[in-house]
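One structure is given here, and the rest of the page talks about it.
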């Protein structure tokens, strides 16, 4: 089972060059973008920053919009736009543990705090775990923990994501805060 992610176990390893550019999350803009490589990447001068493959994979998994199945219980929140990554229609290889890219977190952007009898934070946690499952299937981690919390006063959803290695150590730990507008019950 080959993984597209390079995990360095030993600092004595030769410098690794990643052909996958990092996706850098901008909290201020609420988007993931790419950055130019810095002086700390001498083998990648003039290229795109490529030092955080796991962070990039997590960011892509969580914040790319997955296609919403028409029979999903929250499909009505998509407002007719099922979205989805165009590349999923071309090449999704089950033999490499691939699945369609992204999550359904975008369905919660304008959702009320309670949806279909469940708190929006429960839906967020479920969507995040589903989106991150390919990382576990590819051997990047052996366990995924996600915590989701809503701050209704700030209209903010917070996701805390931890990925664990075979030895039980944390190989990834980050918190993402996503703002969204509450339109349910809002006055005009």
Rule-of-thumb Rg ratio for the range 68-169 [Cα; 2.2 N^0.38 Å; N residues] = 1.19
Return the distance in nm (one decimal) between the two label points of a simple spin-label model at residue 156 and residue 86, each offset 7 Å from Cα along Cα→Cβ.
-> 3.5
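A short reminder: the numbers here are calculations on the coordinates, not readings from a lab. Fair warning: this is a prediction, and the values are worked out from it, not measured in the lab. We place every Cβ from the backbone using ideal geometry, glycine too, and count neighbours over all the protein chains shown.
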